[in-house]
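The values are calculated or read from the model by the stated rules, or taken from the named source; none is laboratory data. In this text, all values refer to a predicted model and were calculated from it rather than measured experimentally. All Cβ positions, even for glycine, are placed from backbone atoms using ideal geometry, and neighbour counts span all protein chains on display. In case anyone asks, the SASA skips ligands and DNA or RNA and just uses the protein heavy atoms, side chains included. Shrake-Rupley method; radii C 1.70, N 1.55, O 1.52, S 1.80 Å.
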Amino acid sequence: GGAARVVSAAAGRALRDEIAARVARRLAAEPAAFQLGAAGMVWEGAMVATLRPGTDPFKPLAEPVNSDLLAPAERDRLRRALTQAARTRIAEAFAPLLRAVEADLNGAARGIVHHLVEGGGSAPRSAARLMLTALQPADYQALTRLGVRLGRMTLFLPALLKPSAQAARALLWSLAAGRPTPALPGARTALEIKADADFYPAIGYPVRGGVAVRADILERVVASANRAGRAGPFVPGPDLFGPLGMGPEPVQRLLGGLGFVAAEGQPGALRPRR
């Protein structure tokens, strides 16, 4: 006890100038020097702050990592600077969505953007059914200019489906849910899941039949399956396996979750549910 306090005090005196210099460098660093990770903010390869929710989901608060070597005034300056850096990086990651929020839109189109905000960049089409029916041609044009895609299953911003956007979306989900994030899909377009089903839609991967599929790929799969189903029972082929990167069993489950059922007397064939 006593010896540890003596050593700690001596270390503090020896490191005072070094700590002051590091704080100054951190305060002078550009926001781009910080990376947003699942656990917080990283600077020069080291975790420097954790994040917690603010009043606005896109404006979290940063808390410098605990250290007895930081004076209260230094900690306060770091807290403000790191919070601003985190908000800048998040604003960069969600720029397409924030542009839509700031756009001059009519009621129904603004309601669709509200759903996109709640979903971090995507939303199930069913959640905005009434707003979609109220859209006028000018509203469609305005949303298209903003990059909003109105799919058969999902409303989404393609820019926020990229692997580079997954980490930012996952971080906001983690802050809101108070839970660590599962492993990110990365470049995978689909994956089988058993838990955290609410996480995958939050990063743009709707879940059907125990399979999470990136929203743009899900639209392709639905379009291909609908085309095949109009001609009668069909056996899923490469046009479905290829985009998903999956074999027959998970694809069958996915299509079952999309409303297709087994065709009687035709092993492996599916038809739309009547």
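When both residues are 6+ apart or on different chains and their Cβ atoms are under 6 Å apart, which pairs have a first residue that lies in the stretch 34-62 and is in contact (Cβ under 8 Å) with a residue 60 or more places away in the chain and more than 25 Å from Arg99 (Cβ to Cβ), and a second that is open to solvent by 40 Å² or more (accessible area, probe 1.4 Å) and among the aromatic types (Phe, Trp, Tyr)?
Taking only residues 6 or more apart or on different chains, not a single pair turns up.
Can you tell me which of (1) assigned to a loop (DSSP other than H, G, I, E, B); (2) open to solvent by 50 Å² or more (accessible area, probe 1.4 Å) is the one Ser67 doesn't meet?
For Ser67, the failing item is (2).
Taking the stretch 143-178 on its own, how many of its residues are aliphatic (A, V, I, L, M), open to solvent by 20 Å² or more (accessible area, probe 1.4 Å) and modelled with pLDDT of 95 or more? Steps first, please.
We begin by selecting, within the stretch 143-178, every residue aliphatic (A, V, I, L, M); these are 143, 146, 148, 150, 153, 155, 157, 159-161, 165, 167-168, 170-172, 175-177.
Filter again for open to solvent by 20 Å² or more (accessible area, probe 1.4 Å), leaving 146, 150, 153, 159, 167, 172, 175-177.
Still in the list and also modelled with pLDDT of 95 or more: 146, 150, 153, 159.
Here the count works out to 4.
For the condition within 29 Å of Val213 (Cβ to Cβ), of a type in the set (S, T, N, Q) and surrounded by fewer than 16 Cβ atoms within 10 Å (Cβ to Cβ), what is the one hit in Ser122, Ser126?
From the options Ser122, Ser126, the qualifying one is Ser126.
Taking the stretch 229-263, which residues are open to solvent by 30 Å² or more (accessible area, probe 1.4 Å), in contact with a strand residue (DSSP E or B) (Cβ under 9 Å, 6 or more places away or on another chain) and either over 21 Å from Gly210 (Cβ atoms) or part of a strand (DSSP E or B) (or both)?
If the condition is that a residue be open to solvent by 30 Å² or more (accessible area, probe 1.4 Å), in contact with a strand residue (DSSP E or B) (Cβ under 9 Å, 6 or more places away or on another chain) and either over 21 Å from Gly210 (Cβ atoms) or part of a strand (DSSP E or B) (or both), then Arg230, Pro233, Val261, Ala262 are the ones that fit.
For Ala91, work out the one condition from (1) surrounded by fewer than 17 Cβ atoms within 10 Å (Cβ to Cβ); (2) touching a residue at least 40 places away in the same chain (Cβ under 8 Å) it doesn't fulfil.
Unmet for Ala91, out of (1) surrounded by fewer than 17 Cβ atoms within 10 Å (Cβ to Cβ); (2) touching a residue at least 40 places away in the same chain (Cβ under 8 Å): (2).
When residues of the stretch 207-236 are filtered for being under 26 Å from the mean Cα position of the chain (by Cα) and farther than 19 Å from Pro248 by Cα, how many remain?
Here the count works out to 2.
Open to solvent by 20 Å² or more (accessible area, probe 1.4 Å) and within 17 Å of Pro206 (Cβ to Cβ) - does that describe any residue in the stretch 97-114?
Checking the stretch 97-114: not a single residue is open to solvent by 20 Å² or more (accessible area, probe 1.4 Å) and within 17 Å of Pro206 (Cβ to Cβ).
Given (1) open to solvent by 50 Å² or more (accessible area, probe 1.4 Å); (2) not in a helix (DSSP H, G or I), identify the lone condition not met by Ala14.
Exception for Ala14: condition (2).
Name every residue in the stretch 21-49 that is farther than 20 Å from Ser164 by Cα, surrounded by 14 or more Cβ atoms within 10 Å (Cβ to Cβ) and out of contact with any helix residue (DSSP H, G or I) (no Cβ under 9 Å at 6 or more places or on another chain), in order of residue number.
Passing the criteria: only Arg22.
I'm trying to understand the selection: among the residues of the stretch 190-201, which are more than 14 Å from the chain's Cα centre (by Cα) and of a type outside the set (Asp, Glu)?
Once the filter is applied, which keeps residues that are more than 14 Å from the chain's Cα centre (by Cα) and of a type outside the set (Asp, Glu), the stretch 190-201 yields Ala190, Leu191, Ile193, Lys194, Ala195.
Can you name the residue in the stretch 179-194 that is among the aliphatic types (A, V, I, L, M) and open to solvent by 40 Å² or more (accessible area, probe 1.4 Å) and, of all such residues, is farthest from Phe241 (Cα to Cα)?
Here is the first cut: in the stretch 179-194, the residues among the aliphatic types (A, V, I, L, M) are 183-184, 187, 190-191, 193.
Still in the running and open to solvent by 40 Å² or more (accessible area, probe 1.4 Å): 183-184, 187.
Numbers: Ala183: 23, Leu184: 21, Ala187: 16 Å.
That would be Ala183.
Could you list, in sequence order, the residues of the stretch 195-215 that are of a type outside the set (Gly, Ala, Ser) and crowded, with 18+ Cβ neighbours inside 10 Å?
Residues satisfying the conditions are Phe199, Tyr200, Pro201, Ile203, Tyr205, Pro206, Val207, Arg208, Val211, Val213, Arg214.
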